[in-house]
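The values are calculated or read from the model by the stated rules, or taken from the named source; none is laboratory data. Being a predicted model, the structure only gives us computed values, none of them experimental. Reconstructed Cβ throughout: ideal geometry from the backbone, glycine too, with neighbour counts over all protein chains shown.
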Amino acid sequence: MVFDIWKQIKAKSFAPIYLLYGTEPYLINETKQLLINNVLSEDEADFNLSSYDLEETPIDTALEDAETFPFMGERRLIFLHNPVFLTSEKSKAKQEHNLSKLEAYLKEPAPYSVVVFSSSAEKLDDRKKITKQLKKTAAILEAKKLNEGELKAWIRERAALNGVQIDESAVELILTLAGTNLFILTNEIDKLALYANDTKRIDEQMAEKMVSRSLEQNIFSLVDKVVHRKIEEALRIYYDLLKQNEEPIKILSVITGQFRLIYQVKELARRGYGQQQIAGYLKIHPFRVKLAAGQAHMFADEELAAIISLLADADYQMKTGGMNKTMLIEMFLFRLQSQALKKNP
């Protein structure tokens, strides 16, 4: 996992060439910052840190920099952004690169330079000679979106880096409450580790108390209360959101989005799609699909259709000023409560 590369960087064991690519910007940015903090001292960075956009600068210029001896320091650190020539994409820039010079450098990189290729591309073109050669030479970080198992491993590893243990039930709860954004997850784990400084252990109760909820996660909890027909508890969450100055129209939009997701997951599952396939089709994280699937089986199709219709009506009323915005969501929840009572007298 990414922690292996990070541990090597922190141990001052640097590769001459790094290749960072993928769609998870947090992993790429964190790796860059670790390199800056560990390869160079603060004073050395003024003279020996360079960054090039390869859409604007030819590779020759960057390599000349890499081959220049460091000034008042042991190493140079050079970031090369947007190496489109490693992908199957067509470059929008008219910049031409002398790839034969790059090939020569990869065969014999300067021992005093750390060169970092950084791309946000999901995939590189492994058919290209230069891509194959770079992958053979470089220390590689594929910054892909983490699946549920990897996210849980991330939480455990991050806790361990902070010198604390974490209960498995707390791992599950943190992921449910904080979501799948690595930046948010990292901040929450670091915060919990500080809170657990005395006990050196993060448990479920601590996570429940300390983890910040995003609007989306609060809405998920609200919908979950609706799923289990706990309308009074759903109303309490709604009132808490209003106290946090969340706009009713935004709250309604997120509630609608969650119910639509539940409906889509239910329908696609009926057609035989697995959760990974559904995630790919809807372009969302598989963990969100798993949570929605857990809620979907609690509703009949007609119920979901009726709820989405109620939400559409509330949205229309809210946008046309037909009723007080705060009351519209209350009315929606009360109507759900009356429907639940009819089903379960």
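Listing for the model above:
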| item | result |
| --- | --- |
| Neighbours by Cβ (under 9 Å, 6+ apart or cross-chain): first from segment 221-233, surrounded by fewer than 19 Cβ atoms within 10 Å (Cβ to Cβ); second of a type in the set (S, T, N, Q) and part of a loop (DSSP other than H, G, I, E, B) | Arg229/Asn344 |
| Failed condition for Ser113, given (1) buried (at least 19 other Cβ atoms within 10 Å of the Cβ); (2) at pLDDT below 95; (3) not acidic (Asp, Glu) | (2) |
| Any hit, segment 148-156, residues being within 30 Å of Val115 (Cα to Cα), out of contact with any Pro (no Cβ under 9 Å at 6 or more places or on another chain) and surrounded by fewer than 20 Cβ atoms within 10 Å (Cβ to Cβ) | yes |
| Flag if Leu34 is outside any loop (DSSP other than H, G, I, E, B), within 18 Å of Val84 (Cβ to Cβ) and under 20 Å from the mean Cα position of the chain (by Cα) | no |
| Search result, residues across segment 158-180 that are at pLDDT below 90 and surrounded by fewer than 15 Cβ atoms within 10 Å (Cβ to Cβ) | none |
| Residue check, Met210 surrounded by fewer than 17 Cβ atoms within 10 Å (Cβ to Cβ), in contact with a Phe, Trp or Tyr (Cβ under 7 Å, 6 or more places away or on another chain) and at pLDDT 90 or above | yes |
| Residue in segment 196-207 that is closer than 17 Å to Gln295 by Cβ and hydroxyl-bearing (Ser, Thr, Tyr) present | no |
| Some residue of segment 177-184 being over 20 Å from Glu30 (Cβ atoms) and either touching a residue at least 12 places away in the same chain (Cβ under 8 Å) or part of a helix (DSSP H, G or I) (or both) | yes |
| All helices (runs of 4 or more DSSP H) inside segment 225-337 with 3 or more residues being modelled with pLDDT of 90 or more and within 30 Å of Glu24 (Cβ to Cβ) | 248-270, 275-282, 286-296 |
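Conditions (1) more than 17 Å from Ser118 (Cα to Cα); (2) modelled with pLDDT of 90 or more; (3) not acidic (Asp, Glu), marked per residue:
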{"residue": "Pro16", "(1), (2), (3)": "no, yes, yes"}
{"residue": "Pro25", "(1), (2), (3)": "no, yes, yes"}
{"residue": "Glu67", "(1), (2), (3)": "yes, yes, no"}
{"residue": "Arg75", "(1), (2), (3)": "yes, yes, yes"}
{"residue": "His81", "(1), (2), (3)": "no, yes, yes"}
